[in-house]
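Undergrad: Take this structure first; my questions come after.
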Amino acid sequence: MALVAKSAPRSSKTESYVDNKRKEDIRHANIKSACAVADAVRTSLGPKGMDKMISTASGEVIITNDGATILNKMEVLQPAAKMLVELSKSQDTAAGDGTTTVVVIAGSLLKQCLSLLSSGIHPTVISDSLHKASIKAVDVLTAMAVPLELTDRDSLVKSASTSLNSKVVSQYSSLLAPLAVDAVLTVVDPEKPDLVDLRDIKIVKKLGGTVDDTEMVRGLVFDKKVSHAAGGLTRVENAKIAVIQFQISPPKTDIEQSIVVSDYAQMDRILKEERNYILGMIKKIRATGCNVLLIQKSILRDAVTDLSLHYLAKAKILVIKDVERDEIEFITKTLNCLPIANIEHFKEEKLGHADLVEEVSLGDGKIVKITGIKDMGRTTCVLVRGSNQLVLDEADRSLHDALCVIRCLVNKQFLIAGGGAPEIELSRQLGAWAKVLHGMEGYCVKSFAEALEVIPYTLAENAGLNPITIVTELRNRHAQGEINAGINVRKGQITNILEENVVQPLLVSTSAITLAAECVRMILKIDDIVTVR
């Protein structure tokens, strides 16, 4: 009897641990679905990667191989797979480039975690070892990096063109890379060099021409034509520019009401009043010497009427209407002027000055260029051209990636080799480190080291080389101490990648490793999914 009583609590103890199967299943399902997402973008890694064609529900077609864009547009339903989409987004905000790399690394780490879990290692142990390994990896990468001066323009251009080489518009990298470097260097403030706001670089897309016609404009570009009634100006030299947030049109009543006009005398009076009101405004504007008006888009009433345009043309004032609300800040920063909210505040000191404002015909449309701005703020405009909408959008995305790469280099001034070199080196050094560690940790770190080989493997695979031969040869080279040996995709062999000018910012690699590790640890820690209706 005593024996039975003794064993009773033990049986209840074991019963509470019976349902482990469901947790394993959920972990497996999570990992499998996340791996499926990673495999979807894996083919678009590297300079020889394939492009994806995304067809949206509205019938719009996007062609791209930017990992963040592909995943953003994919309809992912599984919650764990959604985490990989978020992962590529966070890499996009942190570094701007390497969005495909980070997802591929995460997918590879998850595959290794599956085999570790099936060996019976506890998820927490795996998670902690992964954290240690990622910290160690960042140290190894930092030790490999080459410091860089911002005055060294060539290195900046090299890293921008490395980023562009894997894009659809790679044949234009010789033009876009220097353009991206110059754009970032014009907006960098020497006092605060580590703060680069990419919102200070305005990218204007205009259909027509080819990507070769892309140019950087020191000044402002508007993708709209000058609004002119009969005989209005299209070109002003020595411009005095006002940015106004009120309307030059007759006032409306504040409430919905109708005014009944019964005879012509009253109608004449109304029209006369309108005319006088508009003329009064234009006289005040003219008195300050202003000759270019940028009018903010208005939802309440028309920004300008035909009558006011006629009078403005007589007063020799050029008008650009429908300036978007969110562009106002950029415009005032560039022109070094203040926005004017009311006609009473129209003072000369609030105006911006420029040498030339003119309307230029481009393709089938027209744009307005403002150049030679006095005391211009630290901003710049890039006018991107393309033969069709797909190329234009992709050029815009690629240019954004190149700008982000330069921004990374300005923030953290270190370069690192590309072409799978840092990953193989990490794999080698982590593998050596795993032998020093004791117990399960060493075992986990060893498999993470193997997981990193997915990058060179995929690079070789996408370039149509034999991945196994290439990766083995790479390991061999790195074991002999050639830290910068990497896969040269153009020649189809292994060379010193730094000499081939395939370089990337340190920040891209380190953030890819840390973010991927963080995401994988998160997925590992999940053992149940509860749906709330």
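The values are calculated or read from the model by the stated rules, or taken from the named source; none is laboratory data. Since we're looking at a predicted model, the values are computed, not measured. Positions of Cβ are generated from backbone atoms using ideal geometry, with glycine treated the same way; all protein chains shown enter the neighbour counts. Surface accessibility is based on the protein's heavy atoms, side chains included, excluding ligands, DNA and RNA. Shrake-Rupley method; radii C 1.70, N 1.55, O 1.52, S 1.80 Å.
Undergrad: Applying the selection to region 284-307, what residues are closer than 12 Å to His228 by Cβ and out of contact with any Leu (no Cβ under 8 Å at 6 or more places or on another chain)?
TA: Asp306, the sole residue that qualifies.
Undergrad: Let me ask something additional. Can you tell me which residue in region 191-210 is most open to solvent (accessible area, probe 1.4 Å), limited to those that are among the hydrophobic types (A, V, I, L, M, F, W, C) and touching a strand residue (DSSP E or B) at 6+ places or on another chain (Cβ under 6 Å)?
TA: This residue is Ile203.
Undergrad: Look at Val368 and say whether it is of a type in the set (A, V, I, L, M, F, W, C), within 31 Å of the chain's Cα centre (by Cα) and open to solvent by 10 Å² or more (accessible area, probe 1.4 Å). Can you show your working first?
TA: Working: of a type in the set (A, V, I, L, M, F, W, C): yes; within 31 Å of the chain's Cα centre (by Cα): yes; open to solvent by 10 Å² or more (accessible area, probe 1.4 Å): no.
Here the answer is no, as Val368 does not meet what is asked.
Undergrad: From the list Lys272, Lys284, pick out the single residue that is among the charged types (D, E, K, R), outside the structural domain of Cys381 (by the TED database) and at pLDDT 90 or above.
TA: Lys272
Undergrad: Please count how many residues of region 62-77 are surrounded by fewer than 20 Cβ atoms within 10 Å (Cβ to Cβ) and charged (D, E, K, R).
TA: 2
Undergrad: Identify all residues within region 338-352 that are open to solvent by 60 Å² or more (accessible area, probe 1.4 Å) and among the aliphatic types (A, V, I, L, M); write none if there are none.
TA: Answer for region 338-352, where residues must be open to solvent by 60 Å² or more (accessible area, probe 1.4 Å) and among the aliphatic types (A, V, I, L, M): Leu338, Ala341.
Undergrad: Moving on to the next point. So is Glu461 under 23 Å from Met216 (Cβ atoms), charged (D, E, K, R) and part of a helix (DSSP H, G or I) or not? Walk me through how you get there before you give the answer.
TA: Values: under 23 Å from Met216 (Cβ atoms): no; charged (D, E, K, R): yes; part of a helix (DSSP H, G or I): yes.
No: the conditions fail for Glu461.
Undergrad: Kindly evaluate Cys337 against the criterion of being in contact with a helix residue (DSSP H, G or I) (Cβ under 8 Å, 6 or more places away or on another chain) and part of a loop (DSSP other than H, G, I, E, B).
TA: yes
Undergrad: If you don't mind, there's one more thing I want to ask. When you look at Arg521, is it assigned to a loop (DSSP other than H, G, I, E, B) and surrounded by fewer than 24 Cβ atoms within 10 Å (Cβ to Cβ), yes or no?
TA: no
Undergrad: I've got another one for you. Does at least one position in region 386-404 carry a residue that is exposed (fewer than 15 other Cβ atoms within 10 Å of the Cβ) and part of a helix (DSSP H, G or I)?
TA: For region 386-404, residues exposed (fewer than 15 other Cβ atoms within 10 Å of the Cβ) and part of a helix (DSSP H, G or I): present.
Undergrad: What residue, among those in region 85-102 that are open to solvent by 10 Å² or more (accessible area, probe 1.4 Å) and among the β-branched types (Val, Ile, Thr), is nearest to Asp51 (Cα to Cα)?
TA: For region 85-102, the residue satisfying everything is Thr100.
Undergrad: In region 260-270, is there at least one residue being open to solvent by less than 90 Å² (accessible area, probe 1.4 Å) and acidic (Asp, Glu)?
TA: There is at least one residue in region 260-270 that is open to solvent by less than 90 Å² (accessible area, probe 1.4 Å) and acidic (Asp, Glu).
Undergrad: I'd like to check something: does region 211-229 contain any residue that is over 27 Å from Cys337 (Cα atoms), touching a residue at least 40 places away in the same chain (Cβ under 8 Å) and open to solvent by 60 Å² or more (accessible area, probe 1.4 Å)?
TA: yes
Undergrad: Ok, one more. Please count how many residues of region 290-337 are open to solvent by 60 Å² or more (accessible area, probe 1.4 Å) and of a type in the set (Gly, Ala, Ser).
TA: Of the residues in region 290-337, 0 are open to solvent by 60 Å² or more (accessible area, probe 1.4 Å) and of a type in the set (Gly, Ala, Ser).
Undergrad: Looking at region 372-385 only, could you name the residues that are assigned to a strand (DSSP E or B) and surrounded by 17 or more Cβ atoms within 10 Å (Cβ to Cβ)?
TA: Result: Ile373, Thr380, Cys381, Val382, Leu383, Val384, Arg385.
Undergrad: Could you check region 247-276 and list, in sequence order, the residues that are touching a Ser or Thr at 6+ places or on another chain (Cβ under 9 Å) and more than 13 Å from Ile317 (Cβ to Cβ)? Lay out the reasoning, then the answer.
TA: Of all residues in region 247-276, those touching a Ser or Thr at 6+ places or on another chain (Cβ under 9 Å) come to 247-250, 259, 274.
The answer is Gln247, Ser249, Pro250, Ile259, Glu274.
Here's the yes/no breakdown for (1) over 28 Å from the mean Cα position of the chain (by Cα); (2) in a helix (DSSP H, G or I); (3) buried (at least 19 other Cβ atoms within 10 Å of the Cβ):
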{"site": "Ile470", "(1), (2), (3)": "yes, yes, yes"}
{"site": "Leu474", "(1), (2), (3)": "yes, yes, yes"}
{"site": "His478", "(1), (2), (3)": "yes, yes, yes"}
{"site": "Gly481", "(1), (2), (3)": "yes, no, no"}
{"site": "Ile487", "(1), (2), (3)": "no, no, yes"}
{"site": "Arg490", "(1), (2), (3)": "no, no, no"}
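Undergrad: Go through (1) in a helix (DSSP H, G or I); (2) of a type outside the set (Val, Ile, Thr); (3) open to solvent by 30 Å² or more (accessible area, probe 1.4 Å) for Met281 and report which single condition fails.
TA: Every condition holds for Met281 apart from (3).
Undergrad: So, Leu362, is that one under 30 Å from Asn484 (Cβ atoms) and either surrounded by fewer than 17 Cβ atoms within 10 Å (Cβ to Cβ) or over 20 Å from the mean Cα position of the chain (by Cα) (or both) or not?
TA: No: the conditions fail for Leu362.
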